[in-house]
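To start, the structure itself, in structure tokens.
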Amino acid sequence: NKPMSDSAVSDLPQPDSPIPILARLEGLGWLCSGWEDADPTVVGRPRRRFYQFTAAGVALAEAAVEAADARRSRLRARRAVHQVPQIRAAQP
């Protein structure tokens, strides 16, 4: 898992900023973060904050995706059972 900077995620849909989401995930132990080692006066921009999944965060994210996939599969199966068959017109 490669670190992702604030600027890398700034292209996400606005007006919601990803920063509160990243801070929340960091508070839950899913992510860790740190500032880059750059002098803003030298690079001509603000320093970037980098985020990276923790080992626990990877495991929790994988489990969340698996749970979502399982729910989606159950919903699809339920829809298939309750689906009304289509009646086709008789052909002459």
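Hey, how much of the P(r) for segment 37-84 falls beyond 14 Å, as a percent of Cα pairs? Distances greater than 14 Å cover 71 percent of the Cα pairs.
Computed from label points 7 Å out along Cα-Cβ, the spacing between ARG45 and ASP69 is 3.5 nm.
Accessible surface calculations at 1.4 Å, restricted to protein heavy atoms, place segment 25-74 at 69 Å² per residue.
The values are calculated or read from the model by the stated rules, or taken from the named source; none is laboratory data. If you're wondering where the values come from, they're calculated on a predicted model, not measured in any experiment. Backbone-built Cβ (ideal geometry, glycine too); neighbour counts: all protein chains shown. Accessible surface is based on the protein model in full, side chains and every heavy atom, while ligands, DNA and RNA are left aside. Shrake-Rupley method; radii C 1.70, N 1.55, O 1.52, S 1.80 Å.
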